[in-house]
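Bear in mind these aren't lab numbers, they're just calculated from the coordinates by the rules spelled out. Keep in mind that this is a model prediction, so the values were computed, not measured. Cβ sites come from the backbone with ideal geometry, for glycine too, and all protein chains shown count toward neighbours.
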Amino acid sequence: MKIIVAIKQVPARDSQLRTAPGAKWIDETDLSYEINEPDAYALETGLQLKEKHGGEVVALCAGPARAATVIREALAKGADRAIHIEEESTGFDPLSTARLLAAAAKGEGADLILTGLQSDDLGYGQTGVILAELLGIPHATIIMQVEKSAGGIRVKRELEDGWFQHVEMPLPALLAIQSGISKLRYATLMGIKKARSKEVRRVTAESLGVKRTAPGIALERVYLPERTKRTQLFEGSPAEAAAQLVEKLKFEARVI
């Protein structure tokens with residue numbers, strides 16, 4: 001089974017974020033970066049499938065030169081080789097990113113393509129779905145479990161209110177993996193050493209035959225949330241005050 005796992009490099013979760021001049025995006029000066037967490041779970045799913053059924057795991061990443069660090073991490077954890085689409089900026093557009101990934105994936109003949117459910121930086125949750133459409137293969141999202149079956153694969157999808165859906169799918173297919181479905185592995189010292197000799201094929205949009213187009217989505221303004229302190233007194237009986245407090249915590253603060 002050949003499995004392609006799309007991974008993305010995003011700012012580290014503990015980064016101190018500041019808006020860039022013009023407030024169109026964040027200031028990337030002195031930021032540290034890491035693999036997108038949902039993509040890490042997609043990679044783990046692919047590695048587990050390879051361990052059970054054999055085959056090959058190919059890491060696929062579109063991003064600038066610094067994205068090589070997350071590619072090496074994927075190789076150190078067990079991916080067999082990687083494809084790096086060297087692109088300084090793919091824009092804030094899932095379609096343009098999906099076009100690049102589709103062009104790189106077409107020649108691979110993969111049985112399964114795995115992506116994270118969404119990215120930690122932009123969070124559109126659309127790149128995987130659009131990628132499947134461009135490749136003309138079936139897809140499923142919010143995947144909690146993947147099992148190989150005689151006719152293809154059987155997946156478990158997370159629905160609302162604790163419900164799940166089991167779906168039989170033919171191959172090739174694309175799955176968008178939900179975060180937290182398994183325990184992530186660490187790269188071993190031996191894995192890190194082996195990663196140095198594994199193949200990383202570097203391509204560009206031009207070599208893939210993908211024409212650059214203006215992004216279909218434009219960010220008007222990026223800003224940090226304002227922090228304000230406010231005191232509110234609830235009137236009425238203790239039961240009425242408690243009911244008002246619960247409503248505020250649920251629908252305004254959204255902490256319960």
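With a 10 Å cut-off between alpha carbons and a GNM built on the chain, which of Ile217, Ile137, Ile83 moves the most?
In this elastic network of the chain, the residue with the biggest mean-square fluctuation among Ile217, Ile137, Ile83 is Ile217.
May I ask for the longest run of the chain untouched by GluC sites (Glu not before Pro) that are loop-located per DSSP and have at most 11 neighbouring C-beta atoms (other than their own) within 10 Å? Mind dumping the intermediate values first?
Details: sites that count: Glu88, Glu160, Glu199, Glu220, Glu226, Glu235, Glu252.
Counting at most 11 other Cβ atoms within 10 Å as exposed, the longest clean stretch of the chain is 1-87.
Helix 37-53 sits at what angle to the longest principal axis of the chain, using alpha carbons and giving 0 to 90 degrees rounded to 10?
40
Just rank Leu95, Leu75, Leu49, fewest to most, by other beta-carbon atoms within 10 angstrom. Mind dumping the intermediate values first?
Details: Leu95 17, Leu75 24, Leu49 21.
With the sparsest Cβ surroundings first, the list reads Leu95, Leu49, Leu75.
Which one, Gly125, Ala140, Ile181, is farthest towards the positive end of the dipole of region 2-208 when Lys and Arg carry +1 and Asp and Glu -1 on their Cβ?
Ile181
Mind pulling the angle between the C-alpha long axis of helix 68-77 and the longest principal axis of the chain? Nearest 10 degrees, somewhere in 0 to 90.
Helix 68-77 sits roughly 80 degrees off the main axis of the chain.
Cut-off 10 angstrom, C-alpha nodes, Gaussian network model of the chain. Which of Met190, Met144, Met169 fluctuates the most?
Looking only at Met190, Met144, Met169, the largest GNM fluctuation is found for Met190.
Would you give the gap between the C-alpha center of region 60-120 and the C-alpha center of region 126-205, rounded to a whole Å?
13
Please rank Thr97, Thr213, Thr45, Thr141, fewest neighbouring Cβ atoms within 10 Å first, as an exposure proxy.
Thr213, Thr141, Thr45, Thr97
Grab the Cα-Cα distance for Glu168 and Ser197, subtract it from 0.36 nm times how many residues apart they are, and report the gain in nm with one decimal. Write down the numbers at each step before the final one.
Values: separation 29, 0.36 × 29 = 10.44 nm, distance 3.76 nm.
Answer, rounded to one decimal: 6.7 nm.
Roughly what would the spin-label model give for Lys250 and Glu220, points 7 Å off Cα along C-beta, in nm?
For the pair Lys250/Glu220, the computed spacing is 3.2 nm.
Treating only the Cβ of Lys, Arg, Asp and Glu as charged (+1, +1, -1, -1), what charge dipole size does the chain show about its Cα centre? Round to the nearest 20 debye. Don't skip to the answer; put the middle values down first.
On the way: 34 positive and 34 negative charges, 158 e Å.
The dipole magnitude comes to about 760 debye.
Name the chymotrypsin sites (Phe, Trp or Tyr not before Pro) in region 205-256 that are in a loop by DSSP and that have at most 14 other C-beta atoms within 10 Å, would you? If you can, show how the numbers build up before the last one.
Working: sites: Tyr223, Phe234, Phe251; in loops: Tyr223, Phe234.
Within region 205-256, the qualifying chymotrypsin sites (Phe, Trp or Tyr not before Pro) (loop, at most 14 other Cβ atoms within 10 Å) are Tyr223, Phe234.
For the Cα atoms of the chain, what angle does the longest principal axis make with the long axis of helix 238-251, in degrees from 0 to 90, nearest 10?
So the inclination is approximately 30 degrees.
Pick from Ala242, Ala20, Ala187: which residue has the top mean-square fluctuation in a GNM of the chain where Cα pairs under 10 Å get a spring?
Ala242
List the lysines whose alpha-carbon lies under 27 Å from that of Lys211, not counting same-chain residues fewer than 8 positions away?
Correct list for Lys211: Lys8, Lys24, Lys106.
Would you please state the base-10 log of I(q)/I(0) at q = 0.15, 0.17, 0.18, 0.23 1/Å for region 99-214, with intensities from the Debye formula using one equal scatterer on every alpha carbon?
-0.87, -1.05, -1.13, -1.31
Using a Förster distance of 30 angstrom, determine the FRET efficiency expected from the C-beta separation of Arg154 and Lys106, and round it to 0.05. Working shown, then result.
On the way: r = 26 Å, r/R0 = 0.87.
It comes to 0.70.
Be a star and scan region 76-118 for residues whose amide nitrogen sits under 11 Å from the point 7 Å along the Cα-to-Cβ vector of Thr204.
Answer for region 76-118: 86-88.
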